[in-house]
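What follows is calculated from the coordinates using simple rules that are stated; it is not laboratory data. All values reported here derive from a predicted model rather than from experimental measurement. Neighbour counts run over all protein chains shown; Cβ positions are idealised from the backbone, glycine included.
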Amino acid sequence: MKVCGFTFIRNAIKYDYPVVEAITSILPICDKFVVAVGKSEDDTLNLIKNISPQKIEIIETVWDDSLREGGRVLAVETDKAFQHITIDYDWCFYIQGDEVVHEKYLPTIKEAMEEHLYDERIDGLLFKYLHFYGSYDYIGESFKWYRNEIRVVRNYKNIYSYRDAQGFRKEENKKLNVVSIDAYIYHYGWVKDPRTMQKKQEDFNKLWHDDQWVDKNVIKADEFDYSNIDVLKKFTGTHPKVMQDRIEKINWKFDYDLSCNKMKFKDKLKLFFSKLGCDIGQYKNYKLIK
């Protein structure tokens, strides 16, 4: 069994993406790793070059910034990396620049790939998610956060990145047949210095909307206001080892009063049934086989 990781990135330093940690976290179970590095305003290219030269293959790309609808350019860049993977690899492990896998899940992921290697019904593996918010101590609890997504897919070139690169589809816009595994993706996209987060919000909304929408809907400020959140809960687990240095260097403080949680009644019902193993009303960009 051969496994190739893949991702895309641009301006990782400018927006403080933990992309080094993201790639490093899954590198032990990847035979190779393809990174589509977009032309950047910082030293992102050399940042990626210095991770693991013996495993990483870089393709330099130029983002089409005219694609300003639904984050489409993110899917285009994902596809560039995926299509670059040669046919001798069985599985392709996708990870975004703000996602990290805890080392405790690597054996589970590898075992799942081995178990389903010859089951052609299965197009991919479905992961669970933890979305960190404000700091490394809190995670989003409401249902505006997606609970599951595909991160391992077969090396079939009829598979493509869907919408804003959150998940995948295959030819004729069909959902992938997946198996759910007991492994989490730790999403750190909402944990940044408030000044960096504000800049990211102002710039990245341009990937989804035109200038008029951005001017009307994105608040201009020096720092991002993390207090505007509905429901959080305290994180009681451990972070991946590759994140420890970054966590120790945190230079801002975010505290949240859990008594201020404002979960809607319908979300309370969803959460109740979710804990019973029944996901009601959740968007599912996949077909669960088992």
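Residue count for segment 77-86 satisfying the condition of being farther than 24 Å from ASP211 by Cα and outside any loop (DSSP other than H, G, I, E, B): 6.
Conditions tested, residue by residue: (1) under 16 Å from CYS4 (Cβ atoms); (2) of a type outside the set (D, E, K, R); (3) in contact with a Gly (Cβ under 6 Å, 6 or more places away or on another chain); (4) part of a helix (DSSP H, G or I).
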| residue | (1), (2), (3), (4) |
| --- | --- |
| GLU69 | no, no, no, no |
| ALA75 | no, yes, no, yes |
| ASP88 | yes, no, no, no |
| TYR105 | no, yes, no, yes |
| LYS110 | yes, no, no, yes |
| GLU114 | yes, no, no, yes |
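Contact map, segment 215-243: first residue closer than 27 Å to ALA22 by Cα, second residue of a type in the set (Asp, Glu) and surrounded by fewer than 16 Cβ atoms within 10 Å (Cβ to Cβ), Cβ cut-off under 7 Å, separation 6 or more or different chains; pairs are PRO240/GLU103; LYS241/GLU103. I'm checking my understanding of the structure. Among residues of segment 87-105 that are surrounded by 16 or more Cβ atoms within 10 Å (Cβ to Cβ) and among the aliphatic types (A, V, I, L, M), which one is farthest from SER25 (Cα to Cα)? Top of the filtered list is ILE95.
Give me the residue from segment 1-38 that is among the charged types (D, E, K, R) and farther than 28 Å from ASP64 by Cβ and, out of that set, farthest from the chain's Cα centre (by Cα). Applying the filter and picking the extreme gives LYS2.
With GLU41, GLU57, GLU69 as the choices, which residue is farther than 30 Å from ILE250 by Cα and free of Cβ contacts under 8 Å to residues at least 40 places away in the same chain?
That would be GLU57, the only listed residue that is farther than 30 Å from ILE250 by Cα and free of Cβ contacts under 8 Å to residues at least 40 places away in the same chain.
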